[in-house]
1. Treating the beta-carbon of each Lys and Arg as +1 and of each Asp and Glu as -1, no other charges, what is the dipole magnitude of region 226-330 about its Cα centre, to the nearest 20 debye?
2. In region 658-676, whose amide N lies under 11 Å from the spot 7 Å out along Cα-to-Cβ of Glu702? List them in ranges.
3. By how many nm would the segment from Glu154 to Lys272 lengthen if fully extended, with 0.36 nm per residue of separation less the alpha-carbon distance?
4. Could you state the orientation-averaged shadow area of the convex hull built on the Cα atoms of region 370-501, in nm² to one decimal?
5. Let me check against my output: what whole-number percent is the relative contact order of region 266-387, with C-alpha pairs under 8 Å and at least 6 apart?
6. In region 555-647, what is the volume of the convex hull around the alpha carbon atoms, normalised per residue and reported in Å³?
7. How high is the relative contact order of region 514-645, given as a whole-number percent (alpha carbon pairs under 8 Å, six or more residues apart)?
8. Report the Cα-based extents of region 348-423 along its three principal axes, largest first, to the nearest Å.
Amino acid sequence: MYPYKMVVICLPLGLLGAVVAQLPIPKLGVPQAEALPTLQLRARVLAWKGNQPMQRKFTIHVTGVKQVAIATDDHWSPWITIDKESWHAILKSYPNSYHRRYPVVFQINYHPHDQDIQVAVEVRSPAGKNLLSQEAHLFGSRLSLLLFRDERGEFQVATEADYNRRYWQAFSGARQQSSPKLKHLIVVDRYIGGDDDYRAWQEGISELARAGFTAIMVPPSKHIRNILTKTGTTKTSWAVYNPPGYAFAFDPKITPESIDAWARQLADSYTKAGFAPTDMILFAMSDEPGWYYPSMFKVVKENPQALEKFRAYLRNQGLDPQSFNAKSWEDIYPLGRSQAQDLASRKLFYWTMRFYSWESARHFSDCVRALENAFYPNIPVFTNWNFFAGRFYVPGPVANNPDKNHPDAAMGGHDWFEFARLRGGTILWTEDWFSDAQAYQWSFYCSKLRSAAAKSNLLFGGYVVPRTAGDRPDGLMQKILCIFGHGGKAVKYFVFGPEYNFPGNCYSEKAHLLSKLRETHNLLVAAEEYLYPGKMPPSPVAILMPRSAQVWDCKDMPIAQGISDATNTNLNRATVDYMAEVFDIYLALQHANIAVDFIDEDDLTTKGLSNYRVIYVTEPNVPREGLEALISWMRNGGTLVTITNAATADRYDEPCSLLGDATGVKEKARTRLLIANANQLPQAGILDTDKEQIAVYGARGELEPGDYKVLLRFTNKTPAVVEKAVEQGRLVHYAFLPGISYWRSSKGTRDRLPVDFSETLRTWICYPVLSIGIRPFVAPSTPLVETPILISEKGAALTLLNWTGEPIHDLTLEVRLPFAVTSVSSVSGRKIKWVRNNDCYSITLPLGSADILLLERQR
């Protein structure tokens with residue numbers, strides 16, 4: 001996770017959604033205590049519980065100031081001086097310690113306080129110049145003041161409510177144009193208030209609510225709930241940093257009873273504030289969980305309860321002490337990578353790594369059930385993942401691992417598919433943290449999330465981060481529509497702020513983005529009746545998500561290095577060849593508008609493979625029983641697609657010749673390639689095609705002679721792509737890295753999107769699909785147009801995502817549907833021509849960056 005986000009674990013998340021103009025920006029810079037003005041401040045209480053505060057004394061304390069003042073009855077306190085020493089203390093306190101720019105935030109605290117207290121404050125310079133004279137109505141003890149520099153560079157002081165009006169000014173011209181609210185799709189926003197000022201919260205919540213969100217995220221406060229009610233809804237959301245135990249229930253204090261108590265306490269806090277249990281429509285249970293080895297080994301070894309869980313897990317895998325050359329279970333402990341020297345120790349190391357991911361997911365499942373019992377069944381509960389390639393094991397002392405020189409240093413996380421099977425959440429989730437130039441990457445995330453979610457009939461969604469957006473006019477819209485177009489049911493924006501209350505995370509100063517969010521929400525409202533119940537049809541094409549191979553990356557390094565997954569949004573950097581290939585092969589299929597499912601190693605069974613006609617495999621290590629199932633599936637008519645070095649070893653990293661023996665397609669052994677940056681990989685050869693010569697990059701396999709058919713050769717005449725019929729099916733093998741080579745084939749950018757990829761190489765990557773006549777539901781006339789489709793009883797929602805970087809004036813779509821259509825419309829209002837041609841519908845329209853077509857089913 002990004003350091004600033006990990007540290008501030010008490011503040012949940014949100015977004016502003018409807019400001020439509022660039023805001024005036026105050027003078028910025030890094031505040032230095034020596035340069036800040038000496039201020040004098042006094043305060044008084046005007047009313048206490050609605051009455052004049054007679055015969056009462058109030059203590060007035062200001063952040064960072066040692067001096068404490070007493071105000072009697074409704075009289076002013078003595079003047080409190082904020083000097084250089086005070087500014088030093090204020091700048092070291094949160095949020096200023098992270099913000100390190102203007103405005104500088106400090107607070108007045110009134111004690112005793114009540115949930116209904118009216119106060120006044122004055123701030124002046126030592127010379128007597130008045131800087132602030134303000135009254136406020138508080139529901140607690142805190143009133144925040146902000147010191148900033150205006151356009152002339154002069155120091156000013158304001159309350160949060162007054163300072164925030166710069167964010168709300170752009171609404172003044174659209175007071176009567178509030179967006180309609182989404183009813184079913186979840187889109188959540190949040191105003192992060194830093195004090196207890198009614199006016200700041202009232203204006204923050206009411207202004208945001210006009211953007212049409214499903215819910216506004218608020219803390220469990222009856223006063224804030226009353227403010228929320230005035231917007232016409234009580235729907236809300238909340239987030240905690242982690243469930244009890246962080247990622248595990250190894251601590252003996254964490255019991256089913258304590259987990260239930262934790263969940264009840266959360267639910268009760270909202271019930272006591274006046275919320276109904278069903279008002280909680282989205283709950284973030286964990287943010288970016290991960291753990292470090294070897295420290296987690298010690299936790300299990302020294303905890304009898306945890307050690308028994310570990311040994312029970314091994315037993316459940318059909319293993320016994322003899323599997324590890326041990327005499328009894330008392331000899332079995334978690335094992336690190338440095339000790340995996342022979343088959344027995346490699347088995348123990350492999351299942352050690354698998355155990356932690358599984359046990360954490362199991363614990364999260366317990367916590368989800370507790371939240372469901374406390375709130376209601378199937379409450380959307382998510383864990384936000386930031387292992388973007390989907391790894392559950394990262395070798396090496398990455399991130400904040402304290403054991404930088406330990407040979408067993410590594411980082412662990414969740415296996416997305418295993419987590420889904422164990423129901424570690426009711427909605428699967430990740431985040432972007434990338435610019436709009438990578439907006440297309442949400443398609444890859446969504447396909448993995450959707451495929452994993454299907455294992456337990458779960459939902460999926462994600463954090464969209466406007467802070468990193470805005471580098472393309474419609475990039476933010478494309479990100480949001482990509483999630484919902486692929487079947488996602490929730491988006492939470494991270495996070496409006498304001499920035500001064502949650503520094504390093506917010507986008508409150510990027511007001512030019514907010515009109516695009518509002519526009520996007522209006523499109524979603526228009527399409528909601530089709531999007532919400534819609535489901536994406538299963539694809540006959542799948543990519544195997546690597547799992548076993550991860551454990552053996554960097555195996556020959558004394559201390560592993562070079563791989564990073566947490567927070568790494570560039571899936572072609574700090575990775576290995578087979579993982580980059582997963583993303584890049586997906587990208588080529590995405591550009592050809594071929595929908596893709598993801599499967600995992602647990603799907604490598606007769607039943608799990610039965611719905612697929614083409615499966616791409618990139619990982620070197622495939623469990624033997626899974627590979628046997630793949631071979632059987634291939635013999636019965638499937639098309640198995642492999643790249644160089646794929647499926648050449650088993651889960652314990654023992655060489656495995658099952659596939660080569662079954663097909664006669666064998667490569668000489670090679671070492672997997674560690675990739676610092678795919679854009680810097682050396683050229684590995686040149687493909688000699690009929691249309692052009694194409695450079696390939698990274699690794700290149702050397703095929704042994706065989707009776708396979710050579711489809712494509714390198715310029716030195718050695719085989720590059722071969723095909724071998726195996727009974728009713730076939731193997732298609734690429735003796736190079738086709739995905740990475742496709743990524744490298746891009747000749748430039750347009751609207752910051754990578755474009756001008758090799759059409760010839762894309763066709764070859766799609767050859768296994770196209771050559772057996774697989775037809776997508778939608779065939780666009782232009783490449784790099786993606787059209788995810790959701791089908792329901794209502795009809796179909798066809799989301800159009802234009803990744804070409806320029807408008808398409810005349811796009812034609814050939815759409816095949818399992819039902820008759822009575823009407824076709826665009827939610828953006830574009831003119832459409834459509835006609836039925838035999839077994840499909842031909843639709844023609846102009847396309848900007850994105851749109852949604854609604855195809856109504858004939859009744």
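The values are calculated or read from the model by the stated rules, or taken from the named source; none is laboratory data. Quick caveat: nothing in here was measured; it's all calculated off a predicted structure. All Cβ positions, glycine included, derive from the backbone under ideal geometry; neighbour counts span all protein chains shown. Ligands, DNA and RNA are stripped out before the accessible areas are found, and what is left, the full protein with its side chains, is counted by its heavy atoms. Shrake-Rupley method; radii C 1.70, N 1.55, O 1.52, S 1.80 Å.
1. I would put it at about 40 debye.
2. 668-670
3. Numbers: separation 118, 0.36 × 118 = 42.48 nm, distance 4.55 nm.
Once the chain is fully extended between Glu154 and Lys272, it gains 37.9 nm.
4. On the way: hull surface 41.9 nm².
Result: a mean projected hull area of 10.5 nm².
5. Once normalised by length, the contact order is 40 percent.
6. Numbers: hull volume 11.7 nm³, N = 93.
Convex hull of Cα atoms, per residue: 126 Å³.
7. Working: 133 pairs, mean separation 40.4, N = 132.
Relative contact order, region 514-645: 31 percent.
8. The principal-axis extents, from largest down, are 47, 26, 21 Å.
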